[in-house]
Structure formats: structure tokens, C-alpha cells
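Peer 1: The structure that follows is given in the form of C-alpha cells.
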Amino acid sequence: MFTVRSSILKTLISSNFSKFKYFSTLNNEIKVCIVGGGAAGFYSSQYLLKHLPNTQIDVIEKLPVPFGLVRYGVAPDHPEVKNVINTFNKTAQHPNFKYYGNVSLGKEVTLDELRKAYNIVVLSYGSEIDTLLNISGEDKKNFMSAREFVGWYNGTPGLEELNPDLSGEEVILIGNGNVAIDVARILLTPVDILKKTDITEYSIEALSRSKVKKVYMVGRRGPLQAAFTIAELREMLKIPNVQTIWRSADFEGITSDTVTSLPRPKKRITELMLKSLQEAPKASSDDKQFLPIFFRSPIQINGDSQVESIDFSHTVLKNDRAIATNDVEKITGQLVCRSIGYKATSVDPSINFDDKNGRVVNKHGRVLMKDSTEIDKGLYVAGWLGTGPSGVILTTMNNAFQISQTIIDDIKNGELNCDEKKPGFDYSKFRAVTWDDWKKIDEKEVECGKKLDKPREKIVSVDEMLKLI
Amino acid sequence: MIRIINSRIISCVSKQLTKPIGAQLSRSLCTNVPKPQKEEVQVTFVRANGERVQSKGKVGDSLLDVVVNNSLDFDGFGACEGTLTCSTCHLILSQADYDKLPDKPSDEELDMLDLAYDLADTSRLGCQICLEKSMNGLEVKVPATVNDARS
């Protein structure tokens, strides 16, 4: 009897709320756990809360504080990019949204526990380690990853002790993506400009003593394959008292005909490089130098205990790949950052993880079962953890919206059954940081920033963050 | 970056001031005439699925302002809030409307558009287009984000 009545009820509901007619679980809250409170996690939350009725979302985050790379990756001198936080804050105000910071998947909770407690789990904890060059000497002093260097100036907990030695005049960046450009810009921008940003005070102190005059940014392939985007390049060209010096040999063969036939984005960035190449550098010996170099692949790191120089082999392009030749060029540098990409790691043995490509095995965001092409129903992956680490916030936003729409489609199409009432997870046994707790940390940071005439001074120690709660 | 934003605001403001300034002055000096109301401009946003969303803004508003002020439901639109650091307010105009716009896109706007999905020759960022009276009835296409990113 009851089943009949409830099916009548469902029909009534579906006819009255045609928009939601697919959701037979209307009376039953769909419990979603999103693992990772960065851009992918917040954009997934935003989309699901808006388009999937009756959803309760719990975001768990390893650090006490939210926003992932928006807080720790976006350069301090790009405050406008961090405006996305305003949207994340709105999402966090939703009554069906809860935040639990200081909770790590694989430590406090296991994936199996989360699967039992929620109807849906979305993995979105990003890419945390960086790709190695796999040549000897990467452990030498003052050879580090750009990820660490960025984490150092942006106040990522655990990287405050990095202490990069900035007493040498030359820095080499290996790789030419936007992360490398960010590092170059932070090293070359006058400190008076940087100190008004939310960059950590200890890095300002170190940068103000910096002796760095030349920053080489070395890519394996040519100008047409450069990974940086045009906005970042244009910004480099505008830094006061910095000359950008290209090598004309790198542009050999790039004629006006080649440029015209390129798609617009490639065409415009190539034109900008050519224009900058043709402008003779202003002769001022006081100026710092930014030196992009192409067609060079690192083969050896030289120096005793500390890095002194890098041997690069010349490369030629074959089918868009850089092939090393026998010619070698030595470039001296007293600080070297590799910046050839990030990699995700598996934080829980239950995750079906592709170690080679550094991402969770998935098909359009649906996680697959181990050693199988079958979908592991109810488990999804969003952001860099599923796509690999590339693109700007917009890319991650689109991906998160897309995965969230896939979840909704799967429920609609009956591929994913959310009828079972799930309890959610009780985080009270851990020292979980709620949204209100984060607000206390946030207020303290803004208050400390005010005294220094900057938007905020980040608290770097996790213990110190937790003391404020 | 700050300089760019200012220049946009200034260009929006100056556009508002240059043309109607005489009219505004004479009206504000004349006490028996009601205070000048900014003129409304009708704008239609056309979603990728063909759905038409009618809306309106005031002269001087940017197309991003129109979306925000009318709470139009375009997911992810205007992520950087008009600071020319993303391309989420990407809109596609007809060739005729594109040609009619008083300002050509700046290098910085084109830089952002180069990262947009579905880039067209008549693409613009909504935050950079300020409404003028002559734009009444403007129709713009909102490129799909979610569906197009799907493989």
C-alpha cells in the first residue's frame, strides 16, 4: 500500500515540478562529499547546489583554510584573479553547504568510509607534486621546483623554511609555462610594488635583499610551442626597469607567412614576441633582464653542493617534439627552478590512480573501477586530479561544471541511484575547521595585513591557524 | 593591470558624459523638469540552445553589469568581476553590431579572449562593452560553457 501511495506521490510531484521530475529522491537528501576545497571543489559545489535539488554538500579540505591554488598558486600581484573567492564565499553561505578543513582523505578518513557515508563522492584535491627532470643533481642546494618557490612566497604551510638563496645574479627557470613566468615576474618586479600585495612578509624581506639581475626562462621547444599565455608575457614586457631579451636565432624560419596562417591566439602571441624582439633593448646597465630561451633541453646540473650551472642540449623539432642534438650550451645560474608541470598523487589506496600520468583513471569525470572499463558508480573526479594540471581557472571552472552536469545526467538517466538515505560523515571527532572558524582566521589575516598596508598577511603555520579557533 | 581597469571605467564614464552633458546640465538647471533619468537600453542574450533572455540596462552600464544587475542565470559569468583577468563574460556579437561599437577591443581584452572557448571574429568581453542609447535592441550570443567543453 505504502509503495503504491509513494509512487502516486512521486507522479504528483513530478507532474507539478516537471523540472525536477527525474529526481525520485526529492524527499531524500542527496549527500555529496567533495574532497578538496580549491577551485574545482567550489565550482562543483556551486553547480550542484544550483542544479541538483535537495543536495547536501560537505567539502573536506586537508588544510584548515580553503581555496587551494587560488590562495596558494595565483600570484600575489594578480589580486583581480582572486575575485573568484567572492563567488566561493557565496556558495559557502548556502544552507546546504558545509566546510570541514583540516581533514585529510587517507589520514582522518578513508575513501571507503566516505563512500559508505555519502551518495556521491567527488575527488578534487588537485595536483600536489611536481614533475622531475630526472637528470642527476636535482638534489643540489638552490635547485628547487617552481611549485616550492611559489609556495614559499605565497605562504603554503611547510614551505616557509625553503629559504631560496637569492644572493646570486643569475636564475634559471626550466620550463616556460605561466608558473615559470610568475616566478620570473616576482624575482624581477620592484619590491615596492610587491610589498603592497598579499605576498608573505618574510619573502618581501628576502626579495628586498635579492641580488638577482638576470632570469633565464628556458624551453625545450620553440616560440610557437611556448606554454605561457599572452597576458602574462605582456605583463613581463611592462615591468619597470626590466629588459626582455630574446635570441633572434630562436625565431629563424618564423616568417610573416607562418604567422598569418596561425590560429588567432598563437598568431597574436607570436606577433607580440616578434615585436618585442625587434625593439632594441634600451641601454641601461641598471636594468634587470628577462631572457627567454628556446630549443634547449637540460641534460646536466653542475656544481659542488650548490647548483652553479646547467648544461642544455640544443634541440630540433620533429613532429612537434623536441629532439636533443649533440650540441651543448652551458648556462650559469646560482638558483634554478624546474617548472615543467605538476603531478597529482594518490592519497588513498582505494583510489584507481594512474601513476604514469598522475591522475585518477576516469572517463568524462566518472571514475573507473581498478583494472576495468566499468564505471565505479557514485565516484567522480573534477579539476586537475582528473584532467592533469593545465589551464587557467576558467578551464577548471568549465571542467567542474561539466562533471557536475554529468552527475545530474547520471541521476536523471537512472545510471546512478541516490534513493538510499545516507548519513553523511561525523567530523566532530577530528579537529575539523568549519566555515565560521575559517572566517576567524580570515579576519585575523586581514587585520594583520592592515598594519602592513597590504590586503592580508597570511598565517603560514597550521598550528597558529588552529590556535585562533 | 590597475591602469587598464581605470581606463575602462574612465572610458565608460567619459562616454556617458561627452554626449548628453549639455542636455544634463540644462535639465539640471531647469527646476520644473524632473531629474534626468538614465535611458534604458534593451538587450537580448541568446543562449547556445537558442533560448532568448530579454533584459535591459542603463546607458553607461557594461553588458556584465546588465547580467549582474538583472541576476541573469549564466553559470560562471563574470568570474573576475570585470577586472579583465578572465574570459567568462565572453559574448559573440553580429558582425554589424560588432562594427558599430565605438571602441575596438584593447590588446588586453583580446589577450583574454584568446583563452575563451568558441572564440569568434566578433567576440567581445561583456565587461568591456558599455551601453549607449544607439545600442537599444542589441542581441548577443552567450557561448555555452558546460556543453561545449564536453567531449
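Peer 1: Which ³J(HN,Hα) values, rounded to whole Hz and listed in residue order, are derived for region A:341-358 from phi using the Karplus coefficients 6.51, -1.76 and 1.60 in 6.51 cos²θ - 1.76 cosθ + 1.60 with θ = phi - 60°, glycine and proline given as x?
Peer 2: x, 9, 9, 8, 10, 8, 9, 9, x, 7, 6, 7, 10, 9, 5, 5, 9, x
Peer 1: Something else now. Got a sec to turn the phi values of region A:99-105 into Karplus ³J(HN,Hα) couplings, 6.51 cos²θ - 1.76 cosθ + 1.60 with θ = phi - 60°, whole Hz, x for Gly and Pro?
Peer 2: Taking θ as phi minus 60°, the curve returns 10, 10, x, 6, 10, 9, 5 Hz for region A:99-105.
Peer 1: Scan region A:390-469 for trypsin sites (Lys or Arg not before Pro) in coil per DSSP, keeping those whose Cβ has at most 14 other Cβ atoms within 10 Å, and list them by number. Could the numbers behind the result be given before it?
Peer 2: Numbers: sites: A:K412, A:K421, A:K429, A:R431, A:K439, A:K440, A:K444, A:K450, A:K451, A:R456, A:K458, A:K467; in loops: A:K421, A:R431, A:R456, A:K458.
Passing both the DSSP loop test and the Cβ count: A:K421, A:R431.
Peer 1: I need the peptides B:80-86, A:137-143 ranked by packing, meaning the mean over residues of other C-beta atoms within 10 angstrom, with the highest value on top.
Peer 2: B:80-86, A:137-143
Peer 1: Something else now. Greater than 31 Å separation of Cα atoms is the criterion. Which listed pairs, A:K363/A:K458; A:K266/A:K439; A:K266/A:K318; A:K141/A:K458, meet it?
Peer 2: Values: A:K363/A:K458 38 Å; A:K266/A:K439 42 Å; A:K266/A:K318 19 Å; A:K141/A:K458 27 Å.
Checking Cα-Cα distances, A:K363/A:K458; A:K266/A:K439 exceed 31 Å.
Peer 1: Ranked by Cβ crowding within 10 angstrom, fewest neighbours first, how are A:I269, A:I60 ordered? Each step should come with its number before you reach the end.
Peer 2: Working: A:I269 23, A:I60 27.
The fewest-first ordering by Cβ neighbours comes to A:I269, A:I60.
Peer 1: Could you go through region A:251-268 in sequence order and give the Karplus-derived ³J(HN,Hα) for each residue, using 6.51 cos²θ - 1.76 cosθ + 1.60 with θ = phi - 60°, rounded to whole Hz, and x for Gly and Pro?
Peer 2: Working through the residues one at a time gives 9, 4, x, 8, 9, 4, 5, 4, 5, 4, 7, 6, x, 3, x, 5, 4, 5 Hz.
Peer 1: Given H placed 1.01 Å from N in the peptide plane, which residues other than close sequence neighbours of A:Q306 have an amide H under 5 Å from its amide H?
Peer 2: A:K141
Peer 1: If packing is taken as the mean number of other Cβ atoms within 10 Å per residue, what is the order of A:335-345, A:196-206, A:226-236, highest first? Let's see the in-between values first.
Peer 2: Details: A:335-345: 23.3, A:196-206: 18.5, A:226-236: 20.0.
Descending packing order for the listed peptides: A:335-345, A:226-236, A:196-206.
Peer 1: Could I ask something else about it? Amide H to amide H under 5 Å from A:Y342: which residues, 5+ apart in sequence or cross-chain, H placed 1.01 Å off N in plane?
Peer 2: A:T131
Every number here is computed from the coordinates shown, using simple stated rules; none is lab data. Keep in mind that what you see is a predicted model, and the values were worked out from it rather than measured. Because the Cβ atoms are built from the backbone with ideal geometry, glycine has one as well, and the counts that use them run over all protein chains shown.
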